[in-house]
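FYI, it's all coordinate maths here, none of it is from the lab. Keep in mind that this is a model prediction, so the values were computed, not measured.
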């Protein structure tokens, strides 16, 4: 029913394809859809981790993905990517 589009360098998008099949009304910031947005973000995060896509590392600080399990690879990633 819902379509989530994550644009790290732009505006995120969330559409209700039942009421807006042509994706004309971005509802990402609508408070009533916050639970849907969190659920979809968490699902995307989990899929990225399962498939080995490193974008999930970037999602953790940028988006509300809910509670995440401890991930030792994230700790090492943060240490490697810290300047200095």
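Points to keep in mind about this one:
- Extension gain (nm, one decimal) between residue 16 and residue 34, 0.36 nm per residue minus Cα-Cα: 5.2 nm
- Gain in span if fully extended, residue 60 to residue 1, counting 0.36 nm per residue against the direct Cα distance: 18.8 nm
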